[in-house]
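Some notes on the structure that comes next.
We did not get these values from a lab; they are worked out from the coordinates using the rules stated. Computed from a predicted structure; not experimentally measured. A quick note on method: Cβ atoms are made from the backbone with ideal geometry, for glycine too, and the neighbour counts reach across all protein chains shown.
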Amino acid sequence: MKNKIIATLVAFGLVGSSSAIEINENLSINGFIDTSYTHVESDAGGGNDEQQLGLDEWELNFLFNVGGASGAIHIDDNDDVAGAGSTDTDVDVEQAFIGYSLENGVSLTIGKYGSQMGFEREDPAGTYTYSRAYGGTSANQFNLGDVDSNVYEGVRFGYSSDVFGLGISLQNSSNQDIEGDELDIEFSFAYTGIENLNLGGGYRFDNRGTSADEEDVLNIHVSTVMGKFLLGAEFIEVENGGPANNQQDLDGWMVIADYDVSDKLGVALRISSNELDGNNDYEKVTLAPNYSLSDSLGVILEYSDVDTGSGGDANELALELTFTF
């Protein structure tokens, strides 16, 4: 269950790709199946309890590598895309891109891909907890690494060395076709030049149809590993619209600690907060023990206390089982 932080480094080419089943010298396959049981006790609307049991998401990734050229097609089914309790069973191409790398560390990627910003990464195998850190009406704005909510079509230029990576992406707006004469621009970076310290983040200029809809995002996150203990922190600022359009700056932050009690058992504690429209905060405290039943099968038991400041407080309990291959 401790493969999550590697996902950040893989995105910048600082480490090799995740483990996969090798079909031949040019094709490998990996993926996951994610299931869960959730129980939510909410104060909203006079008190509502909800339970849900089932398949959250499955994903199958085809990874191609021929010489300096590479490619990937990620196929998945994620019920959460259409909202909580969804029965949507559409199979989608989550990501599809081709890339080319030079020996000097310069790379080019073109196609459909996720953001390189955000501490919590793309899929369940890239997070320390069952739930994401940020929620409410601003969830997608702050959960930057969640590719099911934030995916782009464009071209990305990158450079990576043994200790740092840089990237610039020219892309369309999230989950939309390229329109108009302006593309979004995302700058990203990662640094691992200090032993046991990882620093990353970036800035995205989101050029939408009108200035009132524009959204700029700043992200910085850091983590350090001390033996069996990992400590991470993140800050996000989202700027919506311009001064003439009721500009609103929303902040989010997270602190997470993860301790490996043994080779199989770990415990994560996360405290997070993000501002919502209407001057309320979404505040969350999460405790999530995790246990590796095998190298490929892990379970997370999570309890979260959520406070929205507007009568929407909730206690959330989840049991997640994830199989990776």
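Between Thr137 and Leu218, what FRET efficiency comes out of the Förster formula 1/(1 + (r/R0)^6) with R0 = 22 Å and r the beta carbon distance, rounded to 0.05?
The formula returns an efficiency of 0.65 here.
Arrange the following residues from fewest to most other Cβ atoms within 10 Å of their Cβ: Met226, Met254. Present the calculation step by step, with values, prior to reporting the outcome.
Working: Met226 8, Met254 23.
Ordered from fewest to most neighbouring Cβ atoms within 10 Å, Met226, Met254 come out as Met226, Met254.
Using a 7 Å offset from the Cα along the Cα-to-Cβ direction at both Ser161 and Leu55, what is the distance between the two label points in nm, to one decimal?
4.7
Express in nm, to one decimal, how much length is gained between Asp249 and Thr35 on full extension, taking 0.36 nm for each residue of separation and deducting their alpha carbon distance. Don't jump to the answer; show the numbers that get you there.
On the way: separation 214, 0.36 × 214 = 77.04 nm, distance 3.57 nm.
Extra length available between Asp249 and Thr35 comes to 73.5 nm.
Quick check: residue separation of Glu22 and Val93 times 0.36 nm, minus the Cα distance between them. What number comes out in nm? Don't skip to the end; give the middle numbers.
Numbers: separation 71, 0.36 × 71 = 25.56 nm, distance 2.12 nm.
Working it through step by step, the gained length comes to 23.4 nm.
Taking θ = phi - 60°, what integer Hz values does the Karplus form 6.51 cos²θ - 1.76 cosθ + 1.60 yield along the stretch 297-308, in sequence order, with x for Gly and Pro?
Working through the residues one at a time gives 10, x, 10, 10, 10, 10, 10, 10, 9, 10, 10, 9 Hz.
Counting other C-beta atoms within 10 Å, which of Ile23, Ile73 has the fewest, and how do the rest follow? Could the numbers behind the result be given before it?
Working: Ile23 11, Ile73 17.
Ascending Cβ contact count within 10 Å gives the list Ile23, Ile73.
So what are the ³J(HN,Hα) numbers for the stretch 58-67, from phi and the Karplus equation (6.51, -1.76, 1.60; θ = phi - 60°), rounded to whole Hz, Gly and Pro as x?
These are the phi-based 3J(HN,Hα) values: 10, 8, 10, 10, 9, 10, 10, 8, 10, x Hz.
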